[in-house]
Amino acid sequence: MQVWKDYQEKNKDRFLNELLELLRIPSVSAKAEHKPDMIACAEAVKQRLVEAGVDKAEIHETAGHPVVYAEKMIDPAKPTVLVYGHYDVQPAEPLELWKSGPFDPTIIDGKIFARGSCDDKGQMYMHVKALEMLIQTNTLENNIKFCIEGEEEVGSPNLGKFVSANKELLKADCVLISDSAMISLETPSLDIGLRGLSYIEVEVTGPNRDLHSGVYGGAVANPITILAQMIASLHDANHHITIPGFYADVLESSDEERKLMAEAPFNEAEYKADLGIVELWGEKGYSTNERTGIRPTLELNGIWGGYTGEGAKTVLPSKAFAKISARLVPNQNSKKIADLLINHFHTIAPPYVTIKATLHHGGEPYLTPIDSKAYQAASKAMETTFGKIPIPVRGGGSIPICSLFEKELGVKVVLMGFGLDSDNLHSPNEKFDLANFYKGIETIPYFHKYFTTP
Ligand code: BES
Ligand code: MN
Ligand code: MN
């Protein structure tokens with residue numbers, strides 16, 4: 001619509017400057033030292049929503065970081081869209097690998113470099129500006145609610161409780177989230193699924209204290225070696241996961257679904273070159289997109305033990321540790337897989353060591369049916385602004401609250417992400433292309449329009 005185009009054109013520099021302001025707040029949810037920044041960021045998000053024209057905006061305290069809730073209700077008889085996003089970000093470390101400060105947003109070649117630029121402040125803010133645009137051009141025809149949390153990057157430990165306790169407040173006809181990626185501006189896509197997560201930590205203990213590796217080495221099992229052997233045994237030569245029962249509940253995709261997936265463009269040479277690797281790795285019998293989309297995986301996220309400081313220390317350590325997570329697909333269950341992982345370590349541990357395995361956060365996988373009203377509206381909105389029907393794809397990441405929204409609110413979640421896989425999420429030099437930011441603001445109003453009047 002021309003009025004939207006004109007409004008965006010007139011205000012685009014201000015939209016960007018406002019986002020840069022938000023990106024300057026180091027809202028790292030994982031670190032206690034950033035608690036004041038979390039509060040400041042929640043306040044800033046609330047303030048921006050007020051300025052955009054909502055008629056109610058509140059900060060809800062939780063046992064952790066606050067949730068920002070806001071709404072613009074024009075007519076309770078009209079459809080209501082609940083927009084979810086998160087204002088928290090991942091830690092920025094390792095800092096020395098950033099080309100500009102993670103909280104000093106810098107624009108280079110049309111890209112905003114900053115922690116949270118894409119995940120998720122930049123994408124969340126597109127919705128705030130789209131609302132402003134709808135209100136200012138007098139074209140809002142539905143109700144919009146916002147639920148912006150501050151704990152997504154630490155597993156949303158308190159949001160579930162907030163949602164269950166505020167079902168009436170959050171009542172909506174669908175949930176709209178921009179916190180994922182698309183293939184490219186030339187090849188738009190929509191995530192129709194996200195994977196679940198089971199995250200555990202393993203502590204392996206050998207001797208009751210650190211030992212001199214010359215005096216005892218050779219006679220006492222080294223917990224690092226034992227842990228490494230156990231970890232190495234988790235995949236076989238075909239890169240299948242060896243844990244009995246791990247694949248038991250996996251919903252296999254039909255040949256037809258796999259054929260459709262294979263139609264999404266994928267350039268293996270570019271993919272490898274971008275990552276600086278010579279050969280791809282993964283479960284035999286599946287393509288790269290299938291490996292990250294429809295198949296469950298097991299990844300080591302961290303491993304440590306013994307001496308890792310400067311210089312050399314000849315020590316046979318008492319303990320070794322690992323952080324391990326599984327990505328899950330429908331119909332796997334997060335708790336069930338976590339229990340399976342924990343039990344498996346107890347089963348395979350040799351008598352030289354004892355095992356302590358504990359559960360971190362988890363979350364269930366999610367699938368959006370492409371025949372749902374919400375998906376159809378998103379598809380039509382993207383088709384309007386990109387000139388092409390978006391390709392439905394399965395995203396590899398996780399947003400644990402999706403399955404909870406569906407369960408608690410009884411509505412579908414649609415994932416209309418405008419990021420790119422190459423945006424360096426959770427990594428140094430995270431970025432968000434300005435073109436994607438503006439494309440998102442341009443597309444979101446059409447979602448509301450088509451959801452209200454299909
Ligand atoms: N926005 C991501 C999830 C995502 C990324 C979905 C790319 C689709 C494509 C989200 O902020 C995230 O990082 N989630 C975590 C899970 C959470 C429990 C820490 C993840 O996927 O590791
Ligand atoms: Mn995110
Ligand atoms: Mn993230």
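The values are calculated or read from the model by the stated rules, or taken from the named source; none is laboratory data. These numbers were taken from a predicted model, which means no experiment stands behind them. Every residue, glycine as well, gets a Cβ built from its backbone with ideal geometry; the counts of neighbours run over all protein chains shown. With ligands, DNA and RNA removed, areas are computed over all heavy atoms of the protein, side chains included. Shrake-Rupley method; radii C 1.70, N 1.55, O 1.52, S 1.80 Å.
Listed values, structure above:
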item: Cα shape, the stretch 377-426, gyration tensor, a/c 1.5 rule; result: oblate
item: Estimated [θ] at 222 nm from DSSP helical runs (n ≥ 4, -39500 (n - 2.57)) normalised by residues in the chain, nearest 500; result: -10500 deg cm²/dmol
item: Interchain or long-range residues, amide H under 5 Å from Ala172's placed H; result: none
item: The stretch 292-358: chymotrypsin sites (Phe, Trp or Tyr not before Pro) in DSSP loop, at most 12 other beta carbons within 10 Å; result: none
item: Full-extension gain in nm, Gln2 to Glu252, via 0.36 nm per residue minus C-alpha separation; result: 85.5 nm
item: Percent accessible area from carbon and sulfur atoms, the chain, protein chains only, probe 1.4 Å; result: 52
item: Cα gyration tensor shape for the chain, rounded if a/c is under 1.5, else prolate or oblate; result: prolate
item: Cα-centre dipole for the chain with unit charges at Cβ (Lys and Arg positive, Asp and Glu negative), debye to 20; result: 480
item: Low-density loop positions, trypsin sites (Lys or Arg not before Pro), the stretch 239-309 - DSSP coil, at most 12 other Cβ in 10 Å; result: Lys284
item: Mean accessible surface per residue for the stretch 83-235, computed with a 1.4 Å probe while every protein chain stays in place, in Å²; result: 35
item: Residues whose placed amide H lies under 5 Å from that of Leu211, excluding near-sequence neighbours; result: Leu316, Ser318
item: Neighbour count of at most 12 Cβ within 10 Å plus DSSP loop: longest GluC sites (Glu not before Pro)-free window in the chain; result: 311-454
item: Cα-based helix-to-principal-axis angle, 223-232 vs the chain, degrees rounded to 10; result: 60
item: Pairwise centroid distance, computed over Cα atoms, of the stretch 86-116 with the stretch 24-85, Å; result: 22
item: Whole-number accessible area per residue in Å² for the stretch 359-454, which is evaluated in the context of all protein chains at 1.4 Å; result: 36
item: Cβ-derived FRET efficiency at R0 45 Å, Gln229 paired with Ser372, nearest 0.05; result: 0.45
item: Relative contact order (%) - the chain, alpha-carbon pairs under 8 angstrom, separation at least six; result: 25
item: Antiparallel DSSP beta bridges within the chain, as percent of all bridges there, nearest 5; result: 70
item: Distance between modelled label sites at Glu283 and Asn331, nm, 7 Å Cα→Cβ extension; result: 1.7
